[in-house]
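What follows is a single structure, written as C-alpha cells, with notes after it.
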Amino acid sequence: MGIGPVEYLVVAFPGSRFTGRIAPALADIVASRTVRILDITFVRRAADGTIECVELQDLDPDDLVAYDPVEGTLAGLFNDADIQALAQSVPPGSSAALIVWEDLWAVPLTDAVRGAGGITVAHEQIPAEIAERALAEAR
C-alpha cells in the first residue's frame, strides 16, 4: 500500500492563546482513519518578531491531540529552516501550530492512479475562507 497525499496547515492563535478546542476535531479525524498525524510543531512569535519553537511537553495536555509519531526521521518534509520560514507568516504576539498529516482516505485512489500509470501534476487546496465566500456569492 502506498502513502496518501501529505499536507500541512499552520494555524495562528492571536495573543498566544492555544486552546483545547481543535484537539477533539483532530482526534475525531485521526480515530476515523481519515488522516494520520505525522508531526505537530508549535511556535511562538514575540511582539519583536523573535520566533521560538515550543516543545509539546511545555503545553497543557488538555489542549493537544494524541498521535503516534512516525518512527524515524521524516527527512525531506520540514526542517528547522522550513519551520522558521513558515513562522514568519504568524502575526507578532501570536502562537501557531504546524500540523503535518497524511490523507489516509486518499491512499486507495493514490494506489489506483499509480497502478494505472498516472502521475499527479497538480494538487492544491482552496482555503476554506475562499470556498465559503464563493459559495455565499453563488447563492
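Computed from the coordinates by the stated procedures, all read-outs in this text should not be read as laboratory data. The shown structure was predicted, so the numbers you read here are calculated from the model rather than taken from an experiment. Quick reminder, even Gly has a Cβ in these numbers, built from the backbone with ideal geometry, and neighbours come from all protein chains shown.
Listed by Cβ neighbour count within 10 Å, with the fewest neighbours leading, 135, 38 appear as 135, 38. Distance between the modelled labels on residue 9 and residue 50, one decimal in nanometres: 3.1 nm (7 Å Cα→Cβ projection).
Neighbour counts of other Cβ atoms within 10 Å put 120, 34 in the fewest-to-most order 120, 34. Between residue 113 and residue 136, full extension at 0.36 nm per residue minus the direct alpha carbon distance yields a gain of 4.9 nm.
Between residue 32 and residue 105, residue separation times 0.36 nm minus the direct Cα-Cα distance comes to 25.3 nm.
Peptides 87-99, 103-115 ranked from most to least packed, by the mean per-residue count of other Cβ atoms within 10 Å: 87-99, 103-115.
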